[in-house]
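The values are calculated or read from the model by the stated rules, or taken from the named source; none is laboratory data. Bear in mind the structure is a predicted one, so any value in this text is a computation, not a measurement. As a convention, Cβ positions derive from the backbone with ideal geometry for all residues, glycine included, and neighbour counts pool all protein chains shown. Protein only, heavy atoms only, side chains kept; ligands, DNA and RNA dropped before computing areas. Shrake-Rupley method; radii C 1.70, N 1.55, O 1.52, S 1.80 Å.
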Amino acid sequence: MTLHSLPIFVRLTDRAVVLVGDGEAADAKRRLLERAGARIVDEDATDAALAIVVDDDAAVARLKARGLLVNVVDRPDLCDFTLPAIVERGDVLVAVGTGGVSAGLAAALRQRLEALLPAGLGTLAKGLQAARGAMRTRWSDGGDRRRAIGAALAPGGPLDPLGDPIAVERWLADAGTVASRVEAVHVTDDPDALTLRDARLFALADRVHHAADVSSAVLDRARADAVRVAAPVPATTEPGLTLWVERRR
């Protein structure tokens, strides 16, 4: 199966982008371009490579004839590129696109991702950027470095981006070792009533200790490979995340 489009991220800071059109749709595109740092110019500008057009087929034809890549609002059949729905967490950008087929679907998926992606993702990205030199020193071999970072960012890892990551500096100080952690979760019999925090913990847990009266439907929200134990958490636990689950009273 071929891609209908190649997703790319374009740096637009101080770069010219043509914007043609008026009204609410044009205003929305102007705000988006301004957030990206673009320099918005008229059709006659000669230093632009991209253009966004609202309700002006003649302008579309002129701009394409000049070799510009053009986005035509609400006309996916005329678009050389489309603008995705965006989730922003600092330096972390997640884009959801449908090739212009359904902006509503892209927006709905963006809203789901907004709820799933923690606010601290940008901080984690900054921490990893600042630690590049230290990571090269700690793991001089590129393969070792990639494996260590991959393990840290994996589900349940100390830097798990969808969990509760520790500071990158602390991870490096521990030389990438995985510490033991115990978290408590209080649930009802309805798995759909889990809080976002609880759902993340279930998805990340290595072991799930639970009271005998906890619903199996709730326990099924844990990772398939997580160990399940119908007994309290022992005083000493293995490395990784251990959950204690009991019914809410």
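Scanning the range 73-94 for residues that are more than 21 Å from Val53 (Cβ to Cβ) and open to solvent by less than 70 Å² (accessible area, probe 1.4 Å) turns up Val87, Arg89, Gly90, Val92, Val94.
Going through (1) out of contact with any Phe, Trp or Tyr (no Cβ under 8 Å at 6 or more places or on another chain); (2) touching a residue at least 12 places away in the same chain (Cβ under 8 Å); (3) open to solvent by 50 Å² or more (accessible area, probe 1.4 Å); (4) not in a strand (DSSP E or B) one by one, Ser5 falls short only on (1). Among residues of the range 224-249 being part of a strand (DSSP E or B) and without any contact (Cβ under 8 Å) to a residue 60 or more places away in the chain, the one that is least open to solvent (accessible area, probe 1.4 Å) is Val229.
Per-residue answers, yes or no, for (1) free of Cβ contacts under 8 Å to residues at least 12 places away in the same chain; (2) aliphatic (A, V, I, L, M); (3) closer than 25 Å to Ala203 by Cα:
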| residue | (1), (2), (3) |
| --- | --- |
| Gly90 | no, no, yes |
| Leu93 | no, yes, yes |
| Val101 | no, yes, no |
| Gly104 | yes, no, no |
| Leu109 | no, yes, yes |
| Arg112 | yes, no, yes |
| Gly120 | no, no, yes |
| Leu124 | no, yes, yes |
| Gly127 | no, no, yes |
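Examine the range 209-221 for a residue that is out of contact with any Asp or Glu (no Cβ under 9 Å at 6 or more places or on another chain), more than 26 Å from Gly122 (Cβ to Cβ), modelled with pLDDT of 90 or more and of a type in the set (A, V, I, L, M), and state whether such a residue exists. Yes, the range 209-221 contains at least one residue that is out of contact with any Asp or Glu (no Cβ under 9 Å at 6 or more places or on another chain), more than 26 Å from Gly122 (Cβ to Cβ), modelled with pLDDT of 90 or more and of a type in the set (A, V, I, L, M). Filtering the range 141-190 to residues that are assigned to a loop (DSSP other than H, G, I, E, B) and over 19 Å from Thr242 (Cβ atoms) leaves Asp141, Pro161, Ala167, Ala175, Gly176, Thr188, Asp189, Asp190. The residue pairs whose first member lies in the range 153-165 and is touching a residue at least 12 places away in the same chain (Cβ under 8 Å), whose second member is polar (S, T, N, Q), and whose beta carbons are closer than 9 Å, counting only pairs six or more residues apart or on different chains, are Pro158/Thr177; Pro165/Thr123.
Among the candidates Ala45, Ala25, the residue that is part of a helix (DSSP H, G or I) and open to solvent by less than 50 Å² (accessible area, probe 1.4 Å) is uniquely Ala25.
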